[in-house]
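Quick notes on the structure that follows.
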């Protein structure tokens with residue numbers, strides 16, 4: 001769609017039925033999907049009647065050696081009784097094109113730790129999916145990049161507490177995500193939430209540059225400084 005590349009046939013691929021492909025999606029969820037739909041859900045309902053086969057082409061700026069045979073399902077994603085979104089969902093039609101399926105095994109989702117406590121992170125990939133070797137990328141939505149190892153330990157996760165966004169100084173959890181890339185460039189990810197308890201950073205000494213005391217250092221603070229300078233230097237009447 002919207003791209004053009006010169007291609008040549010390199011062989012035949014035995015494809016699974018659409019029901020077999022969808023059963024694998026139900027078992028492993030969006031981790032086996034190509035370009036997974038970015039939504040939270042606890043139930044996915046496909047239209048198996050309209051499912052069709054196609055070849056998936058990655059964006060033009062990415063390297064791709066082979067087009068990926070896949071099934072396209074029109075899926076309704078629900079969270080509870082609410083419809084989150086309706087979207088095309090791409091599931092490989094042959095196991096050799098499935099991305100690695102990764103699952104974070106440590107710590108458990110929803111774990112709570114004290115600030116400065118050492119936490120060990122680890123993950124496993126499901127046998128039969130993806131093409132080794134794998135590369136790993138761990139990231140926190142609060143602290144950014146964490147590690148490129150399969151497993152690692154750290155005591156440096158910060159307290160995620162900004163009084164403008166939390167309630168009564170109660171920290172918010174980190175969203176810890178690991179993305180695994182295989183030898184073909186196919187990816188999958190898993191995510192957990194980890195709470196770090198500790199003193200809210202906003203209870204510490206305020207930034208001296210935050211002259212407006214709004215929690216942000218910006219041009220408004222510069223205006224306060226300029227106004228004070230003009231007042232002291234006689235620049236205003």
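What follows is calculated from the coordinates using simple rules that are stated; it is not laboratory data. Bear in mind that the values here come from a model prediction, so they are computed numbers and not experimental data. Here the Cβ is made from the backbone with ideal geometry for all residues, glycine too, and neighbour counts use every protein chain on show.
Take residue 61 and residue 14, extend 7 Å from each Cα along the Cα→Cβ direction, and tell me the distance between the two endpoints in nm.
Calculated label separation equals 4.0 nm.
Could you give log10 I(q)/I(0) at q = 0.16, 0.17, 0.18, 0.20 Å⁻¹ for the stretch 102-199, computed by the Debye formula over C-alpha point scatterers of equal weight, without solvent?
Log10 of I(q)/I(0), two decimals: -0.66, -0.73, -0.80, -0.93.
Report the FRET efficiency, 1/(1 + (r/R0)^6), for residue 193 and residue 219, where r is their Cβ-Cβ distance and R0 is 35 Å, rounded to 0.05.
It comes out at approximately 0.50.
Provide the FRET efficiency to the nearest 0.05 for the residue 26-residue 200 pair, computing r from the beta carbons and using R0 = 41 Å.
Between residue 26 and residue 200 the formula returns 0.50.
For the stretch 40-132, what's the relative contact order in percent, using C-alpha pairs closer than 8 Å and at least 6 residues apart?
23 percent
State the extension gain, in nm to one decimal, for the chain segment bounded by residue 83 and residue 152, taking 0.36 nm per residue of separation less the distance between their alpha-carbons.
Result for the pair: 21.1 nm of gain on full extension.
Modelling each spin label as a point 7 Å along the Cα-to-Cβ direction, I'd like the residue 120/residue 175 distance in nm, to one decimal.
About 2.8 nm separates the two model spin labels.
By per-residue mean of other Cβ atoms within 10 Å, what is the highest-first order of 177-187, 10-20, 148-158?
Packing order, densest peptide first, comes out as 177-187, 148-158, 10-20.
Evaluate E = 1/(1 + (r/R0)^6) for residue 48 and residue 141, where r is the Cβ-Cβ distance and R0 equals 41 Å; express this FRET efficiency to the nearest 0.05.
My answer for the efficiency is 0.70.
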